[in-house]
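The values are calculated or read from the model by the stated rules, or taken from the named source; none is laboratory data. From a predicted model like this one, the values you see are computed outputs, not experimental measurements. All Cβ positions, even for glycine, are placed from backbone atoms using ideal geometry, and neighbour counts span all protein chains on display. Side chains included, ligands, DNA and RNA excluded: accessible areas come from the protein's heavy atoms. Shrake-Rupley method; radii C 1.70, N 1.55, O 1.52, S 1.80 Å.
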Amino acid sequence: MIQQKAGKQPKVSNRTFLLLIILVSLVIIALAMIFLKDSAASPNLNDLPNYTEIKGKFVAEGLKYEKQPHLGSPDAKVKVMEFADFKCPACKTWEEENMERFQKDFIDTGKVELFFTNFPFIDRDSIMAASAGEAIFAQSNEKFWEFKRELYANQGKESEIWATSEFLLDFVKNNIDGIDYERFAKDLKDRTYMLPVKEDFKTAGYYGVNGTPQFMVNGELLPSSSYEDLVAAIEAQLSTENEQP
């Protein structure tokens, strides 16, 4: 039997060593490409607003119905306030499953006047989406509700930053007709309506809103966002109104 001398290791062939180097290099290149792709796809958070940089005076106390988008007759006995975030999947579900029948049964019949208040809490692009809604509302109350419906229909993932200014500009250009688009684009770029968004957010928090969607019926915040509980609260208010002399 031939024995190796002590301390002497078997040699690795040059070909094997070269293949190992190539394999390691390919892995490094692949990881670098994945990192660069993800970095390019990720928006710059510095381009998105945050509440600390939105300056201006406002009073959080007091429900400001006159400042909010609204649907229905101002003579309606029941005022419903919806608090929502455009990035909220539950808000999208509520919109798609309940809004049509709610409008048919309560708004179109003159029983309820519906108001919308921003509660953008999910991420910084929630604030951007809310400010786009405010810019639309500044031009047309009717177009705001169209914007709301269509944006939910085009909602991105809750865990991703998607409601950037670039997305919102393209979205409005392709989906919302009948507005001054150049004015909208300037308002979004100049962040004209950031303060009303912050006012909405702080006001909602003052009244105990801590998620979305949430609803308030004649000033009372409901503990549940279910359609059945909302209807029950409305019917209770209507019954009270009918009992008064």
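Mind telling me which of the residues Leu63, Leu26 ends up being open to solvent by 40 Å² or more (accessible area, probe 1.4 Å), modelled with pLDDT under 70 and not polar (S, T, N, Q)? Before the answer, list the steps.
Working: Leu63 fails: modelled with pLDDT under 70.
Just one listed residue meets the conditions, Leu26.
Output the number of residues of the range 175-194 satisfying the condition of being hydrophobic (A, V, I, L, M, F, W, C), under 18 Å from the mean Cα position of the chain (by Cα) and assigned to a loop (DSSP other than H, G, I, E, B).
Residues of the range 175-194 that are hydrophobic (A, V, I, L, M, F, W, C), as a first pass: 176, 179, 184-185, 188, 194.
Then keep just the ones that are under 18 Å from the mean Cα position of the chain (by Cα); that gives 176, 188, 194.
Still in the running and assigned to a loop (DSSP other than H, G, I, E, B): 176.
So the answer is 1.
Any residue in the range 108-119 that's under 15 Å from Ala233 (Cβ atoms) and aliphatic (A, V, I, L, M): show its pairings with residues that are open to solvent by less than 30 Å² (accessible area, probe 1.4 Å) and part of a loop (DSSP other than H, G, I, E, B) at Cβ separation under 6 Å, as long as the two are six or more apart or on different chains.
These pairs meet every condition: Val112/Ala76.
Name the residues in the range 204-245 that are in a helix (DSSP H, G or I) and of a type in the set (Gly, Ala, Ser), would you?
At the first step, the residues of the range 204-245 found to be in a helix (DSSP H, G or I) are 204-206, 227-243.
Within the range 204-245, Ala204, Gly205, Ala232, Ala233, Ala236, Ser239 qualify.
Which residues, taken from the range 92-121, are within 25 Å of Gly156 (Cα to Cα), surrounded by 19 or more Cβ atoms within 10 Å (Cβ to Cβ) and of a type in the set (Val, Ile, Thr)?
Thr117
Please verify whether the range 91-107 includes one or more residues that are modelled with pLDDT of 95 or more, of a type outside the set (D, E, K, R) and farther than 19 Å from Phe144 by Cα.
As a first pass, look at the range 91-107 and keep what is modelled with pLDDT of 95 or more: 91-107.
Filter again for of a type outside the set (D, E, K, R), leaving 91, 93-94, 98-99, 102-103, 106-107.
Those still in the list that are farther than 19 Å from Phe144 by Cα too: 106.
Scanning the range 91-107 turns up at least one residue that is modelled with pLDDT of 95 or more, of a type outside the set (D, E, K, R) and farther than 19 Å from Phe144 by Cα.
Which pairs do you get when a residue that is farther than 23 Å from Thr212 by Cα and without any contact (Cβ under 8 Å) to a residue 40 or more places away in the chain, found in the range 158-177, comes within reach of a residue that is open to solvent by 30 Å² or more (accessible area, probe 1.4 Å) and aliphatic (A, V, I, L, M), reach meaning Cβ atoms under 9 angstrom, with the pair 6+ apart or on two chains?
Pairs that qualify, where the first residue is farther than 23 Å from Thr212 by Cα and without any contact (Cβ under 8 Å) to a residue 40 or more places away in the chain and the partner is open to solvent by 30 Å² or more (accessible area, probe 1.4 Å) and aliphatic (A, V, I, L, M), are Asn175/Ala153.
Got at least one residue in the range 30-51 being part of a loop (DSSP other than H, G, I, E, B), within 30 Å of Ala236 (Cβ to Cβ) and either modelled with pLDDT under 65 or open to solvent by 50 Å² or more (accessible area, probe 1.4 Å) (or both)?
The first filter runs over the range 30-51 and keeps only residues part of a loop (DSSP other than H, G, I, E, B), leaving 42-44, 48-50.
Those still in the list that are within 30 Å of Ala236 (Cβ to Cβ) too: none.
No: the range 30-51 contains no residue that is part of a loop (DSSP other than H, G, I, E, B), within 30 Å of Ala236 (Cβ to Cβ) and either modelled with pLDDT under 65 or open to solvent by 50 Å² or more (accessible area, probe 1.4 Å) (or both).
Go through the range 138-163 and count every residue that is touching a helix residue (DSSP H, G or I) at 6+ places or on another chain (Cβ under 6 Å) and open to solvent by less than 30 Å² (accessible area, probe 1.4 Å).
Here the count works out to 4.
Quick check on my filter: what residues within the range 202-232 are small (Gly, Ala, Ser) and open to solvent by less than 20 Å² (accessible area, probe 1.4 Å)? Please lay out each step first, then the result.
Let us first name the residues in the range 202-232 that are small (Gly, Ala, Ser), namely 204-205, 208, 211, 219, 224-226, 232.
Those that are small (Gly, Ala, Ser) and open to solvent by less than 20 Å² (accessible area, probe 1.4 Å): Ala204, Gly211.
Out of curiosity, is Ser73 surrounded by fewer than 16 Cβ atoms within 10 Å (Cβ to Cβ) and either modelled with pLDDT of 95 or more or in contact with a Phe, Trp or Tyr (Cβ under 8 Å, 6 or more places away or on another chain) (or both)? Before the answer, list the steps.
Numbers: surrounded by fewer than 16 Cβ atoms within 10 Å (Cβ to Cβ): yes; either modelled with pLDDT of 95 or more or in contact with a Phe, Trp or Tyr (Cβ under 8 Å, 6 or more places away or on another chain) (or both): yes.
It is true that Ser73 is surrounded by fewer than 16 Cβ atoms within 10 Å (Cβ to Cβ) and either modelled with pLDDT of 95 or more or in contact with a Phe, Trp or Tyr (Cβ under 8 Å, 6 or more places away or on another chain) (or both).
So Pro89 clears everything in (1) under 30 Å from Leu238 (Cβ atoms); (2) open to solvent by 20 Å² or more (accessible area, probe 1.4 Å); (3) in contact (Cβ under 8 Å) with a residue 24 or more places away in the chain except one condition, right? Which one?
Result: Pro89 fails condition (1) only.
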